Amino acid sequence: MKALKITAVLREINLTFLFCTITASLLTAQHMSSQGGGEYLSEKVTCLPSQDRFQIEQMLSANHQMLKQRGKLLEPATNNNVIVTLDWPLRKKSALEFNSYYATNNFVDQKSDPGLLDYHCQSRTYDGHRGSDFDTWPFPWYIYENNLVEVVSAASGIIIGKTDGNDDDHCSCYGTWNAIYIQHSDGSVAWYGHLKKNSLTTKIVGDLVSRGEYLGVVASSGCSTQPHLHLEIYDQDNQLIDPYQGVCNYLNVTSWWSTQRAYREPTLNAILTHDSLPVHGCPETQENPHLSTVFMEGDPVYMALYFHDEIIGDTTTLRIRRPDGTIWNSWTHYSPNTYTKSWWWWLWYIGSNEQFGTWTFEADYRGQIHTKTFEYIDSASLCTVTNTAESGPGSLRNGIQCIDSSDTLYFDPTMINAEIHLDSVIIIDKNLTIYAAPDQDILIFGTDLV
Ligand SMILES: [Zn+2]
């Protein structure tokens, strides 16, 4: 039995039979760029067919009677001018590392006759829409599957209706939605529709909920093409209202929001890195975010931005920083139009002579810098020998198989005075370097090793 002692400085070992000389060409950083993306449109279908609406009204009316008889309904405020104010009805879980997570896709249609008119005298609605639609964005199905955006009560009140147990992954209009209906202290009522099956609060009809309390998870139950919340509001006289104040709101004069959000809120929802081009769409088209933050030499790095309410002419300055903070590349993106939802991507390859470590993709949008870090790792580090096993993960045999030609195989720094006993020959059919630090003293035992 021979012992092969690897002690110190870079020592090249040509262990065995086949020896291929690889001429490594020194690659420079490749600045190959490709760009795509654009507007992301969701199909507009009615949120609630009239037959469903009729049944809901019947159900709410019956519940209302029942709760009144039981003395459970809150007494409406005597002053009709006092109305509740509504807080934002959505919140994201901290596990969702997006800057923002929604886009307001449809407002109330102010026109009773055919034609589109929202409170802002534009047409972000569909014919006959009686609510406000807040889409989750980007990757609504990823958000849905992981329960990352919740519906919360916009105001405190009493549950006067609740429907649960219906399928929630619809990409078209069918079935019944899951929803919860809350009556506020002034007698006004809020409908929260399209919720996730079995995600609704365990509270029942007649129970009180407070402002900001969890109601359910955003999903796509009933007549819906993607996860979104449909919020529909009625005043104390059971008249439809549009919570947004605006010149073309003919339903009510004042805003019902505690703080009304702007008609357009230019926001970078997310800055992300992907290992291949993300796929958007319904489960049928297999939405796949392809999220990744770890890349090796030769890997494509797709860098993408996701906006809501990006405005025509908006400028975003993008930078890619090396681990030492120096700029590897920078460029500018101009928005060619105004969009409710938009996304843009660029494909980069980081060259073989670049720094390994934590890189930063940076977007400077409207005075705010958004960042996404990603790891650029040496593929050789994945092959590091971490144990003295004859074979298997972390073994020398595994490391030699794993390492690329002309790369260096390392022993983990914790391996000191380690002895590796080989039962059979390791065939090395590539040119490689095996390196042990001066103080590691790795001993390899085996037959016919050299
Ligand atoms: Zn709707």
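The values are calculated or read from the model by the stated rules, or taken from the named source; none is laboratory data. As the structure is a prediction and not an experimental result, all values here were calculated from the model. Reconstructed Cβ throughout: ideal geometry from the backbone, glycine too, with neighbour counts over all protein chains shown. Just the protein is used for accessible areas: all its heavy atoms, side chains included, with ligands, DNA and RNA removed. Shrake-Rupley method; radii C 1.70, N 1.55, O 1.52, S 1.80 Å.
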For the chain, dividing by residue count, accessible area per residue (probe 1.4 Å) in Å² works out to 45
The size of the Cβ-based charge dipole (Lys, Arg +1; Asp, Glu -1) of the range 50-241 about the Cα centre, to the nearest 20 debye, is 440
Rounded to the nearest whole number, the Stokes-Einstein translational diffusion coefficient of the range 341-450 at 20 °C and 1.002 mPa s (Kirkwood radius, C-alpha pairs) in µm²/s is 127
Computed over the chain, the relative contact order (Cα-Cα under 8 Å, seq sep at least six) in percent reads 20
Heavy-atom accessible area of the range 285-376 with neighbours in place, 1.4 angstrom probe: carbon+sulfur share in percent works out to 46
Projected convex hull area of the range 50-241, Cα atoms, direction-averaged, in nm², equals 11.1
Computed for the range 285-376: size of charge dipole around the Cα centre, +1 on C-beta of each Lys and Arg, -1 on C-beta of each Asp and Glu, debye to nearest 20, value 140
Kirkwood Rh for the range 256-299 from C-alpha pairs, in Å, is 13.9
With a 22 Å threshold on alpha-carbon distance, the violating pairs from Lys72/Lys162; Lys44/Lys196; Lys93/Lys196; Lys162/Lys341; Lys44/Lys341; Lys162/Lys196 are Lys162/Lys341
Taking Lys and Arg as +1 and Asp and Glu as -1, residues besides Ile233 with C-beta under 10 Å from its C-beta add up to -2
Ranked by GNM mean-square fluctuation in the chain (Cα springs under 10 Å), the top entry among Val151, Val108, Val247 is Val247
Taking 307-320, 154-167 and ranking on average Cβ neighbours within 10 Å, highest first, one gets 154-167, 307-320
In debye to the nearest 20, the charge dipole size for the chain, taken about the Cα centre with +1 at each Lys and Arg Cβ and -1 at each Asp and Glu Cβ, equals 800
Per the charge dipole of the chain (beta-carbon charges, Lys/Arg positive, Asp/Glu negative, Cα centre), the residue among Leu305, Ser381, Ser255 reaching farthest to the positive end is Ser255
Summing +1 per Lys or Arg and -1 per Asp or Glu among the other residues with Cβ less than 15 Å from Asp314's Cβ gives -2
Here the averaged projected area of the range 197-260, based on the convex hull of its alpha-carbon atoms and given in nm², is 6.3
So the carbon and sulfur contribution to the accessible area of the range 128-189, 1.4 Å probe, in percent, is 37
Rounded to the nearest 10 Å², the 1.4 Å probe accessible area of Asp169 is 70
GNM on the chain, Cα springs under 10 Å; top mean-square fluctuation among Leu382, Leu229, Leu240 goes to Leu382
Here, Gln355 and Asp404, labelled 7 Å along Cα→Cβ, have an inter-label distance in nm of 2.0
From DSSP H assignment alone, runs of 4+ in the chain each adding -39500 (n - 2.57), the sum over residues rounded to the nearest 500 puts [θ] at 222 nm at -2000 deg cm²/dmol
Between Asn147 and Leu291, the two model label points (7 Å from Cα along the beta-carbon direction) sit apart by a distance in nm of 1.7
Within the under-13-Å Cβ sphere about Ser50, not counting Ser50, Lys/Arg +1 and Asp/Glu -1 give a net charge of -1
Per the Cα gyration tensor, the range 164-281 corresponds to an equivalent ellipsoid with semi-axes, largest first in Å, of 27, 22, 14
Quick calc of log₁₀ I(q)/I(0), the chain, Debye, one scatterer on every Cα, no solvent, q values 0.09, 0.10, 0.12 1/Å, result -0.72, -0.80, -0.98
Sequence order, the range 135-151: Karplus ³J(HN,Hα) from phi using 6.51 cos²θ - 1.76 cosθ + 1.60, θ = phi - 60°, Hz rounded, Gly and Pro as x, gives 7, 7, 6, x, 6, x, 7, 5, 5, 5, 4, 9, 6, 8, 10, 10, 9
Using eta = 1.306 mPa s and T = 10 °C, Stokes-Einstein with Kirkwood Rh from Cα pairs puts D for the range 285-376, in µm² s⁻¹, at 111
Rounded to one decimal in nm, the spacing of the 7 Å Cα→Cβ label points at Lys44 and Arg91 is 3.2
